[in-house]
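Asker: Just passing along the structure, written as structure tokens.
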Amino acid sequence: MMKKVFSDLFVKTDYAIMCGISAYLTMLMVDLLSATPQDLFLTLAPLSILKVGIFFIVGGALICLHDKLTNSDIRSITMILSCVTLLIAVYKSMSFFLSLGLILLALILFIGGMFNKEKSSYLYISVILLAIPRILTLGSSNFQDQALGFHAVDLSSTRFLSIIWPVAIASIISIVFMILYLKFPIFNYLERHKKIVRTIVFSLVLVYVLYLSVVVVYKVRTNELSSFDIGIFSQMFERMNHDLTPITTLERDRVLSHFAVHISPIFYLMLPFYKLFPYVETLEILQLLVVFSGIIPLRLILRKLKFSNLTNTLAILWFLLLPVMTTAGGFHLHENCFLVPLVFWVFYFIISEQKWKILLATILLLFVKEDAFIYVLSMGLFFLFQKRFDLSKQTKRWLLFTEIVLPIAYFVFTMYLLSAYGEGGMISRYDAFLLNGESGMFMVIKNLFFHPGYVISTLLTAKRLGYLFLMFAPVCFLGLLQRRWSTYFLVLPLIVINLLSNWSYQYDIGFQYSYGSGALVFIMALLALEDLKETNILQEKMAVAIVIVGIIFSGSLLHHFTHNWSFNIGYYRQNKEMFDEIQKTLGSLPKDASVLAEGAYTPSLRGHKKLFDIFYHNDKKADPTIDYIVIPQSQKDQNEEYNQLLASYEAFGYRESQYSSAHVYILEKVK
């Protein structure tokens, strides 16, 4: 009997998935009705046997009814349950932004249902309308009320106010463009001159990458740097250049391999270039070249999609101007830069069914970092369930190994290595999903599954919603408008790496954690656009228009975030003598000396095997083993923290060094 049930479910995969979702929604609904808002949304409560029981009882009952319920029936049940659950959650919520996020989720579900021509999808409109009174009430409440817990927010501390103007300007330009586009034969003109358009686009690619290269060079020359992470990586590359070991003293304030913190052998691909040009500027330029080399596999992917040549060319410009592809590198070199091209290469090799190249690209992607497995896994799940690309059974079996089994096994292996021989995996960034006395990734996963109210509440805070806006607005929110549910597997890294973490930099497009998620969001946008065109919801002309609107929004937001990046070029030229003198002073210190330095100076001092950050070393207490302390002259007697630290070293007999200069103050241990 049971064998027949499970055999039928294997054939009826969609039915089985809907049974699971319905059971999960029922569990959440009972939780919403029985718990207080604080217990639901602000605290992680111990696991209730009742919740577990409800999930398995409801799921089991629906599975046993598989002969009586059709796929349409179970989809209707799931849709009704989701509507009721969303409405209860909105009214149970005490946070404006949580309720807003839930309403937006209802809107996304409605649009997805409309694409699939499901009449019952209009129920989501009812949810939105019924939720309006609640959202209006919450909108007039005090957003900084401490009773809101982690939902309390001061909007002035977010990017909300600053992006209003670039978004408004982009909207106005887009409306004007659409009016002109529909009134005049702009599409025909672009189509006739698509070769010129292609030449212009690829010229812009070269000019933009060259411009950014100049920008990062002058950021280095003006010491707009820090120990974290460019100081760490520049010292690591200097050591690799001599003996191939990724040793650094800056990362954990002691002699340590970077691979004890993150397993990133991908860095060795950059080493030959650093050997030829052993400068910090080389590393910064290499990051740019790596990220925008993603244009090569992206162009190959576009040729596999059903777009015109004009759309493909404009999509390259669209990718170039995506804010996240530039801003994620704003905090200097990081291994995550490799995620962009490698995600695209893996995707391309899969749709091309090039098996050994799939394996090679997957291995390289896993070598970026231990958590890179999630990018591989998300693509594996997508390709195993999707129906867009016609993959052979052999390829699917190959993907089961390379994109599912291999990444999970590799992740388990790397976590073991880090726990046994390194600093351990960074589970601390998910401490919010651990109860007292719990530890480890398994417990995190367990709590993520059985506490959906708390998880959703964590995902839909004001700053995270702002982050989602900046990730999806440049792609016209296409990534969220999917007809095929399997495409949402590609958003898995965005949720796991960026949104669930309590490390605020991970949901900030100004940091490197958004590279991989940004690449997958762009793929989702392209798949959605192609789907809209193939289902005749859009014609090619309108597809081109949407891409251009995406370019307008991307360009506007990109300009907002980077318009002052060129400042360092003029600043260096105006103060060339000062910066050259600083470099000369830093370079004059004995190479075998141990140095404690201002973070901005550590990249220039990377040749010292014993190099430490002044605000991170020895808990800011004097360390008599240090030979030299290096800070800017401008900070001496101006910074209380510096003054206390310098005084403690002077108490040990340190005196101003002969190496001090007009702009660099150096204390030296008197021998």
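Asker: Restricted to segment 356-372, and to residues that are among the charged types (D, E, K, R), within 24 Å of Tyr416 (Cβ to Cβ) and assigned to a helix (DSSP H, G or I), which residue is most open to solvent (accessible area, probe 1.4 Å)?
Answerer: Asp371
Asker: Any residue that is at positive phi and either out of contact with any strand residue (DSSP E or B) (no Cβ under 9 Å at 6 or more places or on another chain) or not aromatic (Phe, Trp, Tyr) (or both) - is there at least one of those in segment 179-200?
Answerer: no
Asker: Now a separate question. Kindly indicate the residue of segment 59-72 that is closer than 21 Å to Leu28 by Cα and exposed (fewer than 14 other Cβ atoms within 10 Å of the Cβ) and also farthest from the chain's Cα centre (by Cα) among those meeting that condition. Spell out the reasoning first.
Answerer: Taking segment 59-72 and keeping what is closer than 21 Å to Leu28 by Cα, we get 59-63.
Remaining after also requiring exposed (fewer than 14 other Cβ atoms within 10 Å of the Cβ): 60-61.
Numbers: Gly60: 37, Ala61: 39 Å.
In this case the residue turns out to be Ala61.
Asker: Moving on to the next point. Within the group Leu69, Leu161, which residue is more than 29 Å from His560 (Cβ to Cβ), modelled with pLDDT under 85, out of contact with any Pro (no Cβ under 6 Å at 6 or more places or on another chain) and part of a loop (DSSP other than H, G, I, E, B)?
Answerer: Testing whether each residue is more than 29 Å from His560 (Cβ to Cβ), modelled with pLDDT under 85, out of contact with any Pro (no Cβ under 6 Å at 6 or more places or on another chain) and part of a loop (DSSP other than H, G, I, E, B) leaves just Leu69.
Asker: Same structure again: Is it fair to say Glu540 is open to solvent by 20 Å² or more (accessible area, probe 1.4 Å), within 18 Å of Ile316 (Cβ to Cβ) and modelled with pLDDT under 95?
Answerer: Considered against the rule, which asks whether it is open to solvent by 20 Å² or more (accessible area, probe 1.4 Å), within 18 Å of Ile316 (Cβ to Cβ) and modelled with pLDDT under 95, Glu540 comes out as yes.
Asker: Another question about this same structure. If I filter segment 114-122 for residues that are in a helix (DSSP H, G or I), open to solvent by less than 40 Å² (accessible area, probe 1.4 Å), without any contact (Cβ under 8 Å) to a residue 60 or more places away in the chain and among the aromatic types (Phe, Trp, Tyr), do I get at least one hit?
Answerer: Looking through segment 114-122, none of the residues is in a helix (DSSP H, G or I), open to solvent by less than 40 Å² (accessible area, probe 1.4 Å), without any contact (Cβ under 8 Å) to a residue 60 or more places away in the chain and among the aromatic types (Phe, Trp, Tyr).
Asker: Condition check: closer than 25 Å to Ser227 by Cβ and not aromatic (Phe, Trp, Tyr). Does Val549 satisfy that?
Answerer: no
Asker: Step by step: first the residues of segment 435-458, then only those that are open to solvent by 30 Å² or more (accessible area, probe 1.4 Å) and among the aliphatic types (A, V, I, L, M), then the one that is modelled with the lowest pLDDT. Which residue is that?
Answerer: In this case the residue turns out to be Met441.
Asker: So if I check each of Val216, Val220, Val197, which one is open to solvent by less than 40 Å² (accessible area, probe 1.4 Å), more than 30 Å from Ile247 (Cα to Cα) and either in contact with a helix residue (DSSP H, G or I) (Cβ under 7 Å, 6 or more places away or on another chain) or not in a helix (DSSP H, G or I) (or both)?
Answerer: Sole residue among the options that is open to solvent by less than 40 Å² (accessible area, probe 1.4 Å), more than 30 Å from Ile247 (Cα to Cα) and either in contact with a helix residue (DSSP H, G or I) (Cβ under 7 Å, 6 or more places away or on another chain) or not in a helix (DSSP H, G or I) (or both): Val197.
Asker: Quick one: would you say Val547 is over 18 Å from Ala328 (Cβ atoms) and touching a residue at least 24 places away in the same chain (Cβ under 8 Å)?
Answerer: Against the criterion (over 18 Å from Ala328 (Cβ atoms) and touching a residue at least 24 places away in the same chain (Cβ under 8 Å)), Val547 qualifies.
Asker: Where residues in segment 149-158 are part of a helix (DSSP H, G or I) and hydroxyl-bearing (Ser, Thr, Tyr), which of them is surrounded by the most Cβ atoms within 10 Å (Cβ to Cβ)? Outline the logic, then answer.
Answerer: First pass over segment 149-158, keeping only residues part of a helix (DSSP H, G or I): 149-151, 155-157.
Of the ones still in play, those that are also hydroxyl-bearing (Ser, Thr, Tyr) are 156-157.
Working: Ser156: 8, Ser157: 10.
Only one residue tops the list, namely Ser157.
Asker: Determine whether segment 494-503 contains at least one residue that is touching a residue at least 12 places away in the same chain (Cβ under 8 Å), part of a helix (DSSP H, G or I) and open to solvent by 20 Å² or more (accessible area, probe 1.4 Å).
Answerer: yes
Asker: While we're here: Of all residues in segment 134-148, which are at pLDDT 90 or above and either open to solvent by 70 Å² or more (accessible area, probe 1.4 Å) or under 26 Å from the mean Cα position of the chain (by Cα) (or both)?
Answerer: Those that are at pLDDT 90 or above and either open to solvent by 70 Å² or more (accessible area, probe 1.4 Å) or under 26 Å from the mean Cα position of the chain (by Cα) (or both): Leu136, Thr137.
Asker: So which of Leu417, Leu406 ends up being assigned to a helix (DSSP H, G or I) and open to solvent by 50 Å² or more (accessible area, probe 1.4 Å)?
Answerer: Every option except Leu417 fails the conditions.
Here is a yes/no grid of residues against (1) modelled with pLDDT under 95; (2) within 25 Å of Ala372 (Cα to Cα):
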site: Lys275; (1), (2): no, no
site: Ile296; (1), (2): no, yes
site: Lys306; (1), (2): yes, no
site: Leu314; (1), (2): no, no
site: Leu322; (1), (2): no, yes
site: Met325; (1), (2): no, yes
site: Leu339; (1), (2): no, yes
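Asker: Given Leu478, Leu459, Leu448, which one is of a type in the set (A, V, I, L, M) and within 16 Å of the chain's Cα centre (by Cα)?
Answerer: Details: Leu478 fails: within 16 Å of the chain's Cα centre (by Cα); Leu448 fails: within 16 Å of the chain's Cα centre (by Cα).
So the residue among Leu478, Leu459, Leu448 that is of a type in the set (A, V, I, L, M) and within 16 Å of the chain's Cα centre (by Cα) is Leu459.
Residues checked against (1) part of a helix (DSSP H, G or I); (2) acidic (Asp, Glu); (3) open to solvent by 20 Å² or more (accessible area, probe 1.4 Å); (4) touching a residue at least 60 places away in the same chain (Cβ under 8 Å):
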| position | (1), (2), (3), (4) |
| --- | --- |
| Asp580 | yes, yes, yes, no |
| Asp592 | no, yes, yes, no |
| Leu596 | no, no, no, no |
| Gly607 | no, no, yes, yes |
| Val630 | no, no, no, no |
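The values are calculated or read from the model by the stated rules, or taken from the named source; none is laboratory data. Since the model is a prediction, treat every value here as computed from it, not as a measurement. Don't worry about glycine lacking a Cβ; one is built from the backbone with ideal geometry, like all the others, and counts go over all protein chains shown. Just the protein is used for accessible areas: all its heavy atoms, side chains included, with ligands, DNA and RNA removed. Shrake-Rupley method; radii C 1.70, N 1.55, O 1.52, S 1.80 Å.
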